[in-house]
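Accompanying notes for the structure given below.
The values are calculated or read from the model by the stated rules, or taken from the named source; none is laboratory data. Just so you know, these numbers come straight off a predicted model, no measurement behind them. Glycine gets a Cβ as well: all are built from the backbone with ideal geometry, and neighbour counts include every protein chain shown. When the accessible area is computed, the model is the full protein with side chains, heavy atoms only, and any ligands, DNA or RNA have been set aside. Shrake-Rupley method; radii C 1.70, N 1.55, O 1.52, S 1.80 Å.
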Amino acid sequence: GTNSHHHTSVSNYSPPSSPSSSATSNNTAGGGGGGGSVAGSSTEAQHQQQAAASTIDAEPVLYCEPAFWCSISYYELNTRVGETFHASQQSITVDGFTDPSNADRFCLGLLSNINRNTVVEQTRRHIGKGVRLYYIGGEVFAECMSESSIFVQSPNCNQRYGWHPATVCKIPPGCNLKIFNNQEFAALLTQSVNQGFEAVYGLTRMCTIRMSFVKGWGAEYRRQTVTSTPCWIELHLNGPLQWLDRVLTQMGSPTLRCSSMS
C-alpha cells in the first residue's frame, strides 16, 4: 500500500535516569530531580508508545545523549568568525571577554575578523557577560547575563506558544527563556513520523536556535534578517539532530513524492 514505508516508530524521550559521564556531578541534584519528574509524567505516553510500536515491525528509534549537547558558531553579519564551540558541560557561558575559551566558556572577545566594521566593534563591547545556556532535565534555557538584551529565535519555543515560527523573542538582562524542550520535540517527531519523510525532515530547523547580542531583528526591527545583526550565534542541538538522523535513516528516502522545498 501507499503507507508501506512508514514502518518507523519513535521511542518516547525520557531523560537519563543517572547523569551520563559527560554531565559531571555539578548538576546532579537539580538534573536528577527535574529528570525524575519528567520521567514520571511520561509513563502513560510510554505505554501508548509501546502499544504503537508493537504493531510495527521495526525497532523503535531511541533518543541518545551525545557527548556534546550543542555546537555553537559565532557570526558577525553574514560572516562566520572563529571555530565552532562544542558544549560538554550542562551550563555554559558565551561572553564578550578575552579569556581563552574553556569547557564551560566560549569567549568571543579574542576572535579576530579583518573585515570587522565599527558597528560590529561597538556591539562587541556591549556583549559583556553575554548569555548563559544550560541543559537540564531535557530542557534548554537561555539566561541574559549581559547588560544589554539578547534576542532569540527558537522554533521550538515559538511552537509552544503558538507564535509564527520565525518570531524573535527579546530576553532582557537578568531574564531567562526555555528555548528547547526534548519532550515537546519527541511529541512532534512521533506525529511527523506518521506524516512521512518530509514532515520528519522539516523538524531539523527546530534543532537550530539563533541568538543576537544587543541588536534585535525581525518584524519590529530595522534589521530584517539575523545576518543583518552585528554579533550573533547559532546553536545546533546535537541530541535531537542525531535522533532525527536515525529516524530518517530508518524511514528510508522519500518515495514517489518530490518535495517542492529546494
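The listed residues Phe151, Phe141, once ranked by accessible area (1.4 Å probe) with the largest placed first, stand as Phe141, Phe151.
A crude spin-label estimate for the pair Tyr161 and Thr118, with each label 7 Å from Cα along the Cβ direction, gives 3.5 nm.
Per residue, how large is the accessible surface of the range 128-171? Use a 1.4 angstrom probe and give square angstrom.
On the way: 1780 Å² over 44 residues.
In whole numbers, the range 128-171 has 40 Å² accessible per residue.
How large is the dipole of the range 119-244 about the Cα centre if only Lys and Arg carry +1 and Asp and Glu carry -1, each at its Cβ, rounded to the nearest 20 debye? Mind dumping the intermediate values first?
Working: 12 positive and 8 negative charges, 77 e Å.
Computed about the Cα centre, the dipole is about 360 debye.
Convex hull volume per residue, computed on the Cα atoms of the range 55-198, equals 149 Å³.
Can you work out the FRET efficiency for the pair Thr79 and Ala187, with r the C-beta to C-beta distance and R0 = 51 Å, to the nearest 0.05? Kindly include the intermediate steps, with their values, before the conclusion.
Working: r = 37 Å, r/R0 = 0.72.
Between Thr79 and Ala187 the formula returns 0.85.
Relative to one another, the C-alpha centroids of the range 202-223 and the range 169-183 are positioned 13 Å apart.
Considering only the range 63-172, what is the antiparallel percent among its DSSP beta bridges, to the nearest 5?
Numbers: 20 of 23 bridges.
DSSP beta bridges in the range 63-172 are roughly 85 percent antiparallel.
Ordered by solvent-accessible area of protein heavy atoms (1.4 Å probe), largest first, the residues Leu188, Leu241, Leu108, Leu62 come out as Leu62, Leu241, Leu188, Leu108. Computed from point charges on the beta carbon alone (+1 for Lys and Arg, -1 for Asp and Glu), the dipole magnitude for the range 86-167 about its Cα centre is near 160 Debye.
Just the number, please: Stokes-Einstein D of the range 152-262 in µm²/s, Kirkwood Rh from C-alpha pairs, 4 °C, 1.567 mPa s.
Values: Rh = 15.4 Å.
Once the numbers are plugged in, D ends up at 84 µm²/s.
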